[in-house]
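Written out below as structure tokens is the structure these notes cover.
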Amino acid sequence: MTSPKYQRILLKLSGEVLMGGQNFGIDPLYVARLAEEVKAAKETGLEMCLVIGGGNIFRGISGAAKGLDRTTGDYMGMLATVMNALAMQNALEQLGVETRVQSAIPMASICEPYIRRRAERHLEKGRIVIFAAGTGNPFFTTDTGAALRAAEMNCDALLKGTSVDGVYDRDPKLFPKANRFDTISYGRVLADDLKVMDATAVALCRENAIPIVVFSIRERGNLARVLTGQGVQTVVNSDE
Ligand code: UDP
């Protein structure tokens, strides 16, 4: 196996991947499988941060569409990400991987508050740090939370594990002839409104020159392959 391209990464998983085959919530069996992937990636010698979304449980914007106050919905969404973080922490620790959860919204009895220097120390000690509650602010997403933490923690790359194996010129689920990019610029993603991450997250990565690696987390063993540059992926990077 070739040596990993990155030394420190942030892996962002959307909440939906925790559902496994379900339509909602958390499938502990599937989370255990994801934890194995994360463990295998960690064992390539990386320092790893993790951000997990909350869309499998609650999204503020869907609540708002049904009359719920948007900010209240967003706080509910952020709480959902904490549940997901705890589920992943549990699964990783069952595999003997040391982790810490740090939440952008302090909840002292459940996990640590987000403290950058402390997170840094955890990473140095070989622990995986799971950042929960997104940015801690309504009107943002966990993609933006992931981009922010990747910048703060000086990560070499933001890996976005989804159910699609990269960035396409059209939605591959609707258009079977859609083309996948191997690499694409931040500018093109933003100009063409390609569905990689929300625009705030992409802009933050561009400003801090953090490549975004989009790949399918559903394919077994893919994360470790992508980390060695072998798996199917799209890399979003500089505009030249
Ligand atoms: N959220 C928020 N601020 C943040 C991060 C998340 O308000 O910084 C809320 C927002 O309502 C969002 C929900 O948490 O819809 C779940 O996050 P997201 O939709 O990013 O999850 P994913 O799509 O990755 O599963």
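Sum up the lysine pairs in the chain that clear both bars: alpha-carbon distance under 19 Å and a spacing of 8 or more or different chains.
Taking the chain as the scope, the lysine pair count is 15.
Pick out, in residue order, every one of the GluC sites (Glu not before Pro) in the range 51-155 that is DSSP loop and has at most 14 other C-beta atoms within 10 Å; say none if there are none.
Taking the range 51-155 and a limit of 14 other Cβ atoms within 10 Å, the loop GluC sites (Glu not before Pro) found are E98.
Give the carbon-plus-sulfur fraction of the accessible surface of the range 167-207 in %, rounded to a whole number; probe 1.4 Å, heavy atoms of protein chains only.
Answer for the range 167-207: carbon and sulfur cover 50 percent of the accessible area.
For a quick check of your reading of the filter: which trypsin sites (Lys or Arg not before Pro) in the range 1-105 sit in a DSSP loop and have no more than 13 other Cβ atoms within 10 Å?
On the way: sites: K5, R8, K12, R33, K39, K42, R59, K66, R70, R100; in loops: K5, R59, K66.
Those satisfying the criteria are K66.
Rounded if a/c is under 1.5, else prolate if a/b is larger than b/c, else oblate: which is the chain, with a ≥ b ≥ c the root eigenvalues of its Cα gyration tensor?
rounded
Please label the shape of the range 3-48 as rounded, prolate or oblate, based on the square roots a ≥ b ≥ c of the eigenvalues of the alpha-carbon gyration tensor (a/c under 1.5 means rounded; beyond that, a/b larger than b/c means prolate, else oblate).
Working: a/c = 4.02, a/b = 2.30, b/c = 1.75.
Prolate, since a/c reaches 1.5 and a/b exceeds b/c.
Send over a whole-number figure in Å² for the accessible area per residue of the range 92-207, probe 1.4 Å.
With the other protein chains kept in place, the range 92-207 gives 50 Å² per residue.
Per-residue accessible area for Y30 at 1.4 Å probe radius, Å² rounded to 10?
Surface accessible to solvent at Y30 totals approximately 40 Å².
Mean residue ellipticity at 222 nm from the helices of the chain, using -39,500 (n - 2.57) per DSSP H segment of n ≥ 4 over the full residue count, to the nearest 500 deg cm²/dmol?
-11000 deg cm²/dmol
Find, among the trypsin sites (Lys or Arg not before Pro) in the range 157-240, those assigned to loop by DSSP (not H, G, I, E, B) with at most 15 other beta-carbon atoms within 10 angstrom.
R170, K173, K177, K195, R220
Might you report the magnitude of the Cβ-based charge dipole of the chain about its Cα centre, with Lys and Arg at +1 and Asp and Glu at -1, to the nearest 20 debye? Present the calculation step by step, with values, prior to reporting the outcome.
On the way: 28 positive and 27 negative charges, 52 e Å.
So the magnitude is around 240 debye.
Restricting to Cα pairs below 8 Å that are 6+ residues apart, what does the relative contact order work out to for the chain? Please round to a whole percent.
22 percent
Check which residues have an amide H placed less than 5 Å from G53's amide H, if you skip close sequence neighbours.
Those qualifying (amide H under 5 Å, at least 5 residues apart or on another chain) are L13, S14, G15.
Enumerate the amide H contacts of V167 below 5 Å, restricted to partners 5 or more residues apart or on another chain; note that Pro and chain-start residues carry no placed amide H.
F181, T234
Take every Cα pair under 8 Å in the range 132-215 that's 6+ residues apart, average their separations, divide by the length, and report that relative contact order as a whole percent.
Across the range 132-215, relative contact order equals 39 percent.
The values are calculated or read from the model by the stated rules, or taken from the named source; none is laboratory data. Keep in mind the model is a prediction, meaning the values are calculated, not measured. A quick note on method: Cβ atoms are made from the backbone with ideal geometry, for glycine too, and the neighbour counts reach across all protein chains shown. Quick note on the areas: whole protein, heavy atoms, side chains included, nothing else; ligands and nucleic acids left out. Shrake-Rupley method; radii C 1.70, N 1.55, O 1.52, S 1.80 Å.
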